[in-house]
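Heads up, the thing below is written out as structure tokens.
Every number in this text was worked out from the coordinates using simple rules, so none of it is lab data. If you're wondering where the values come from, they're calculated on a predicted model, not measured in any experiment.
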């Protein structure tokens, strides 16, 4: 958990334009996971694009767009209406 939090902190400290996050909350308890997701949300609101892999439906709800994969194939895709043109 501690190493995961340090890795996330290092990744976001420079305010990058793009973050590729593979299970950023995977080894964290729920409180720390929510903390990470709030930081990711703030970064997104500031203009950072975030591509995140998660197995958590509750963390996927933070996304503007979700793509569900099964056996390497896209089985569904969802874009929140407010982001559709």
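The table for this structure:
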item: Calculated Cα extents along the principal axes in Å (choose from [x] 34, 29, 21; [y] 47, 23, 21; [z] 31, 27, 19), label; result: [x]
item: Between region 18-43 and region 48-80, the Cα center-to-center distance that results, in Å; result: 14
